[in-house]
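First the structure, in the form of structure tokens, and then the observations on it.
The values are calculated or read from the model by the stated rules, or taken from the named source; none is laboratory data. All of these numbers come straight from a predicted model, not from anything done at the bench. As a convention, Cβ positions derive from the backbone with ideal geometry for all residues, glycine included, and neighbour counts pool all protein chains shown.
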Amino acid sequence: MIEIIETANKEALEIIQNGQPTLVGLGVAGEVIPGMAKDLFLHAGPPITWDKMSGPLRGGVMAGLMYEGLASTPEEAAEYAASGKLRFEPCHHHDAVGPMAGIVTARMPVWIIENKAYGNRAYCTLNEGLGKVLRMGAYGPEVIKHLQWMENVLYPVLKETIEIHGPIDLKIMIAQAVQMGDEVHNRNKAATSLLIREIAPSIVKTSFSDQDKIAVLEFLNSNDHTFLNLSMPAAKATLEPAGKVEHSTIVYTMARNGTEFGIRVAGLGGRWFTAPAEIIDGLYFPGFSMEDANPDVGDSCITETLGIGGFSMATAPAIVQFVGGTPKDAVRYTTSMYEITTEESRAYKLPPMNFRGAPTGIDIRKVIETQVLPVINTGIAHKEAGVGQVGAGIVHPPMACFEQALEAFVNLLEDEGLLEE
Amino acid sequence: MSVNDLFKQELKVINLGLKSFQNDLKSQEVTVVQVNWKPKAGGKKNMLDLLSKLNKVRK
Amino acid sequence: MTLKTSIKRNAYYDSVTLMLLSRELQKLEGVEDVLVGMGTDLNLSLAKDLGLASSEFDTLTPNDLFIAAKMDESQITMKEIEDAFSDYLNKSSESEGDEEYQPPSLRSAIQALPGANLVLISVPGQYAAVEVEDALDAGLHVMLFSDNVSVEDELRLKQKAVEKGLLMMGPDCGTAIINGKPLCFANAVRRGKIGVVGASGTGTQEVTVQVHKLGEGLSQVIGTGGRDLKEQIGGLMMIQGFESLIADPETELIVLISKPPAPSVAEKIYQIAKTCPKPVVIDFIGGDKAAIEAVGAIPCISLEDAAQKAVRALRGQAYTDFTGFSLPEDEVDRIVENAVGLLKSDQTELRALFTGGTLADEAMKLLGNRHSIYSNIPLTPEMAIENLPDGRGHICLDLGEDQFTRGRPHPMIDPQTRTEFFRSHVDGRTGVILVDVVLGFGSYQDPAGAVAASVREIRQRLSAQGKDVIVIASVCGTDLDSQDLNRSIATLEAENILVMPSNAQAVRLTDRVLQGMKKGA
């Protein structure tokens, strides 16, 4: 009786399981991202306007404007952003994903990931590292300076590096990392190490000065989360083709813009189902508390959407202390994610779960029936632009997103005459 | 599986509700799984209706 | 006193855990009154009644947990109450240690336990029908302990069950023993050749323990739920159970237990009994003797009588109505005389306090015709307990009825309710107290001890007035129950409680005592 949905879901899962996310090179956003333009800024999460944006997003936009040379001071930038001269669209609408504020502007360098199984591509900026950074909404001169260094040194070196090395299979790298204590959302140490190991000889072989090569190697090494900006587009590229499967109840996007949480469901095309983003109940750095927190923000839960990240928490025991739990909690979380997903990943096997594959293919019906919500490991940003990360914890999407989606799905099937009276 | 079939099988119970029942069954070495129960779909009638509609999709 | 409320969103704990929690938190120093519950309409109105509601309740949904407490803030804070709450829960979950994973729904439990064949459901009534339907759709048998399920749902679900050849025992089904395994409230009895289908929980328990006492055993004990034999349901499960026992090679004799069914339903059952190749004992408590005999079945006058006739018929022995006592008549006379002799002339009243509904019912049927007994299960509307004149007169209460279990565990699980009634309803005018003591799975760990303690307290209270009181009890239990029949009897007898071998005999003895008291007046 529910065959049409089961068949559709099987098809969606087949697409997801077959995904071959591969790092094929780097490019400049304005040149490689479809539809990119100088007056278009991309952001994390579902659609949002300037007036609704929270601190981190606004700060990121302002930094972006100064980086692009469209404003010289934060005040000018804020004015410009509110003026209507700037368009804002979700990264997701342009085959891209961005962590935290996720602001992408035309001159930013991006990783280019291709899903070799289906030919589609996904893009993500390079990770800036920790401290005062654009993705946390910082917009001071040091932020801009650092972005310029990335554009002028980091990007060209890495671009040539990949040209020399050749494409890198990210599926295999992630599969190894999740067996080394990473979940590739909040814990990327092993994956970053694997990446650097892989490309180091090619970096050395590039035509740049020793000084530049050293700076690049040292920068990559200084930032455990270098790989996050690869795992995210890898997940995006894997999931996107599944978004076209009609009559499927599988979630292919989860994302937040600091104000709202949004999901997209395969059988419902590009429609967003949104509800207010939650404040994370987690561990706060000394001096900070829930009152300082910005609501949930970032495209990084595209990793959880695929079944890695928080869904694979069991495999990253080190992360649980950081989010305020025990290794047993981590196993419990992962175990409960199997209740709301469809298949086990054929690629990503989790040792502490007896090598069960990661829980893959979130089904909105199961979420509503069991009332078990997807679990997301996330960093917490300060609500004021530029202060940075104030903690980390576990967060869930609002149930309302799934309820709205279910209602829309049933209406769609009714309209198509597919439901019995 | 009819009632008389049940009489010939080993009892294997799924318990939805009071934990004391699970404990009693365990003490008699009956295989029992305790459900960490919450009202289905949060007990919300509109959601239950939507879910049951999806169980009646035409072929 | 300050009223504070604490809310935990989207939490869920079962009703018994919460009620026991309320009781634990009530004990905290500085807490005047506390209620812990899910945000259901029932609990909200209960909180209002207790003066514990606040504007914060407006945001509550049935999926949220609330702790509402009136406290002396100089002695305790809400935070401390919340900590005590967590401690209590952790204590109970820590003791489970590395417990197995608990699936979050029936569907995932079915995946986790291939070969599952029975689903036991005791969730709140308003959510139960959905779960029963899913279980039946999955081809599993159901025991539905929950009540507050609508008649329409019961009918629809039982029809589905019958169509699929499945059991749907309930709603409000407290007792079953399938394949020798007691389910919910049931006693440990030996396996044997007698099969039972019962619409009455403690009635079924009493029959099974009497059968066990007489040396025979039970093949299958199927519950139907209290409403099964009403017109609208048509006895669907009684018939389903009856037919399965006829087909069961291990069952050689069948006992049916219920309050009198609707006439059309009784007729259907008699027709099946007529052509049944195995002996059938029918205890439709207070039912139509002639009609039962007319179809070749064996009628009964009490639960004990049903068990005795079943055992005798199984053994091919002659049987007769058991209207008397196990003890010789002259000894019974002596007991009655001595007992009545203990009383002062103004001690004329009966206080019968029952935890088992059918046992209370049996008491009312046997006593209510001869004596004017006010009750919450009266024989006629005029004798409803609310009509009790100035609190004076004979009282018999079924403490398991809804009005007494609002926000409290059933008295078979927790003796507190009856303990309170002993205190409030027994005074210097009480001549005789009658109780049931139900052992077995589901029951409190030491019901006899609780009754004995209450009786000790009563006697202390009455001795101050130079008075004593007669206490009569029966123990519904076996030597195999964890509470142990013999130990329970000893505990009661140590407090000079007259323990009879069955509910019927305890009731009969009470009748003799009441008559003796009248004579003495």
Practice problem: Determine, yes or no, whether C:ILE272 is in contact (Cβ under 8 Å) with a residue 24 or more places away in the chain, out of contact with any Gly (no Cβ under 9 Å at 6 or more places or on another chain) and either part of a helix (DSSP H, G or I) or within 16 Å of C:LEU167 (Cβ to Cβ) (or both). | Solution: yes
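So, in segment C:1-32, of the ones that are assigned to a loop (DSSP other than H, G, I, E, B) and hydrophobic (A, V, I, L, M, F, W, C), which residue ends up surrounded by the most Cβ atoms within 10 Å (Cβ to Cβ)?
Checked segment C:1-32; the qualifying residue surrounded by the most Cβ atoms within 10 Å (Cβ to Cβ) is C:LEU28.
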Quiz item: What are the residues in segment A:378-420 that are β-branched (Val, Ile, Thr) and within 13 Å of another protein chain (Cβ to nearest Cβ), if any?
Solution: A:VAL410
Exercise. Any residue in segment C:119-134 that's more than 7 Å from every other protein chain (Cβ to nearest Cβ): show its pairings with residues that are β-branched (Val, Ile, Thr) and buried (at least 24 other Cβ atoms within 10 Å of the Cβ) at Cβ separation under 6 Å, as long as the two are six or more apart or on different chains.
Key: C:ALA128/C:ILE121; C:VAL132/C:VAL142
Exercise. Identify all residues within segment C:243-285 that are hydrophobic (A, V, I, L, M, F, W, C) and within 14 Å of chain B (Cβ to nearest Cβ); write none if there are none.
Key: C:LEU245, C:ILE246, C:ALA247, C:ILE254
Quiz prompt | Meets criteria (in contact (Cβ under 8 Å) with a residue 40 or more places away in the chain and farther than 25 Å from A:ILE280 by Cα) for A:ALA385 | solution = no
Exercise. Please tell me if A:SER345 is at pLDDT 95 or above, surrounded by 21 or more Cβ atoms within 10 Å (Cβ to Cβ) and in a strand (DSSP E or B).
Key: yes
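Just a yes or no: is a residue in segment C:62-84 exposed (fewer than 14 other Cβ atoms within 10 Å of the Cβ) and modelled with pLDDT under 85?
no
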Quiz item: Of the numbered conditions (1) crowded, with 21+ Cβ neighbours inside 10 Å; (2) in contact with a Lys or Arg (Cβ under 7 Å, 6 or more places away or on another chain), C:GLY286 satisfies every one except a single condition; which is it?
Solution: (1)
Practice problem: Scan segment C:393-409 for residues that are surrounded by 20 or more Cβ atoms within 10 Å (Cβ to Cβ) and under 11 Å from the mean Cα position of the chain (by Cα) and jot them down. | Solution: C:ASP398, C:LEU399, C:GLY400
Practice problem: Look at B:SER2 and say whether it is hydroxyl-bearing (Ser, Thr, Tyr), more than 30 Å from C:ILE413 (Cβ to Cβ) and within 7 Å of chain C (Cβ to nearest Cβ). | Solution: yes
Quiz item: Among the numbered criteria (1) within 12 Å of chain B (Cβ to nearest Cβ); (2) free of Cβ contacts under 8 Å to residues at least 24 places away in the same chain; (3) over 25 Å from A:PRO374 (Cα atoms), which single criterion is violated by C:GLU100?
Solution: (3)
Quiz item: What strands (runs of 3 or more DSSP E), lying completely within segment A:56-160, carry at least 2 residues that are on the phi < 0 side of the Ramachandran plot and among the hydrophobic types (A, V, I, L, M, F, W, C)?
Solution: A:109-115, A:121-125
Self-check item: Neighbours by Cβ (under 9 Å, 6+ apart or cross-chain): first from segment C:497-521, in contact (Cβ under 8 Å) with a residue 24 or more places away in the chain and among the acidic types (Asp, Glu); second assigned to a loop (DSSP other than H, G, I, E, B) and surrounded by fewer than 20 Cβ atoms within 10 Å (Cβ to Cβ)
Solution: C:ASP511/C:ARG370; C:ASP511/C:HIS371
Exercise. Being assigned to a helix (DSSP H, G or I) and of a type outside the set (D, E, K, R) is the filter here, so list the residues in segment C:227-243 that pass it.
Key: C:LEU236, C:MET237, C:MET238, C:ILE239, C:GLN240, C:GLY241, C:PHE242
Quiz prompt | Selection status of C:LEU35, surrounded by 15 or more Cβ atoms within 10 Å (Cβ to Cβ) and away from chain B (no Cβ under 14 Å) | solution = yes
Quiz item: In segment C:356-404, how many residues are assigned to a loop (DSSP other than H, G, I, E, B), at pLDDT 90 or above and closer than 22 Å to C:THR417 by Cα?
Solution: 8
Self-check item: Residue in segment B:26-55 that is surrounded by the fewest Cβ atoms within 10 Å (Cβ to Cβ), counting only those that are farther than 22 Å from C:ASN10 by Cβ and of a type in the set (Lys, Arg)
Solution: B:LYS26
Exercise. Among the residues of segment C:166-194, count how many are assigned to a loop (DSSP other than H, G, I, E, B), under 18 Å from C:GLU216 (Cβ atoms) and touching a Phe, Trp or Tyr at 6+ places or on another chain (Cβ under 8 Å).
Key: 3
